[in-house]
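I have placed the structure first, in the form of structure tokens, so that the comments after it can refer back to it.
The values are calculated or read from the model by the stated rules, or taken from the named source; none is laboratory data. Predicted, not measured: the structure shown is a model, and the values here were computed from it. Please note: Cβ atoms are built from the backbone with ideal geometry, for glycine as well, and neighbour counts cover all protein chains shown.
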Amino acid sequence: MAFLSLSAVRSVWWYVPSVSDLQALRAEKAQLTASIADLKQRGGRLQISHCGPEKRLCVAVDDYAGIYGKAGDYRIAKGY
């Protein structure tokens, strides 16, 4: 019976992360969440593809957001 109890304790100790591991994971999660928010502000939501026979880099634009620039060559990317 004692062997089974010892085995159960070892199993729990082996699979359950320590307090310091949990703290490190929480800190990493907070850092990753902040990085995701920063990327969203800097264009991380852009829908990027390769277009045409030359496979040029292109992005999806929001046709309803208007056209900008003197030559009318700027548009708002979808999602912004």
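This table checks each residue for (1) surrounded by 10 or more Cβ atoms within 10 Å (Cβ to Cβ); (2) polar (S, T, N, Q).
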| position | (1), (2) |
| --- | --- |
| PRO17 | yes, no |
| LEU22 | yes, no |
| SER35 | yes, yes |
| ARG42 | no, no |
| LYS55 | no, no |
| TYR64 | no, no |
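Annotation note: of ASP38, ASP21, ASP63, the sole residue that is under 30 Å from TYR80 (Cα atoms), part of a helix (DSSP H, G or I) and among the acidic types (Asp, Glu) is ASP38. Condition check for LYS55 on (1) free of Cβ contacts under 8 Å to residues at least 12 places away in the same chain; (2) in contact with a Gly (Cβ under 8 Å, 6 or more places away or on another chain); (3) not polar (S, T, N, Q): one failure, at (2). When LEU22 is tested against the conditions (1) out of contact with any strand residue (DSSP E or B) (no Cβ under 6 Å at 6 or more places or on another chain); (2) at pLDDT below 90, the lone failure is (2).
Is it true that ALA8 is in a helix (DSSP H, G or I) and under 18 Å from the mean Cα position of the chain (by Cα)? Against the criterion (in a helix (DSSP H, G or I) and under 18 Å from the mean Cα position of the chain (by Cα)), ALA8 does not qualify.
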